[in-house]
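These notes concern the structure reproduced below.
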Amino acid sequence: MTMSNPPHPGEFIESVYMTPHNISCRMLATHLGVSPSTLNRVINGKSGISPRMALRLSKTLGRSPESWMTIQDNYDLWCAKQALNLNHVQPIALDLV
């Protein structure tokens, strides 16, 4: 199933975990073992979730690292679809035997 306009992982973290549970950026950053500025860039959509951050988020907030990466991948793919014009790209007819 394709999502339309999936949230940036930082938006997801803020809306699902931080706001409802009254968790500050500084508190979450401390638990993740990263600087508040690093987490702030993710929360504000200026940085994405790396595999290392996915592992940290998994241990701190739950969910599997793969699910964190999926959120990032869905967002990245949606952004690419918005920006990329594929009109000039042509398929190749493959003879599969």
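Since every read-out is calculated from the coordinates, none of them should be taken as a lab result. The structure presented is a predicted model; accordingly, all values stated were derived computationally and were not measured. We place every Cβ from the backbone using ideal geometry, glycine too, and count neighbours over all the protein chains shown.
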Q. What dipole magnitude, in Debye to the nearest 20, does the chain give about its Cα centre under +1 on Lys/Arg Cβ and -1 on Asp/Glu Cβ?
A. 440
Q: Consider the candidate values (1) 142; (2) 99; (3) 109; state which one is volume of the Cα convex hull per residue in Å³ computed from the structure displayed.
A: (1)
Q. Expressed in nm to one decimal, what extension gain is obtained for the pair GLN90 and SER24 from 0.36 nm per residue of sequence separation less their Cα-Cα distance?
A. 18.9 nm
(Q) Can you tell me which of ASN85, ASN40, ASN22 moves the most in a GNM of the chain? Springs connect C-alpha atoms under 10 Å apart. (A) ASN85
Q.
Going by Cα centres, the range 21-81 and the range 82-97 are how many Å apart?
A. 33
Q. Once every DSSP H run of n ≥ 4 in the chain is given -39500 (n - 2.57) and the sum is divided by its residues, what mean residue ellipticity at 222 nm do you get, rounded to the nearest 500 deg cm²/dmol?
A. -15500 deg cm²/dmol
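So what is the relative contact order for the chain, in percent, with contacts set as C-alpha pairs under 8 Å and at least six apart? Mind showing how you got there, number by number?
Details: 75 pairs, mean separation 30.7, N = 97.
Reported as a whole number, the value is 32 percent.
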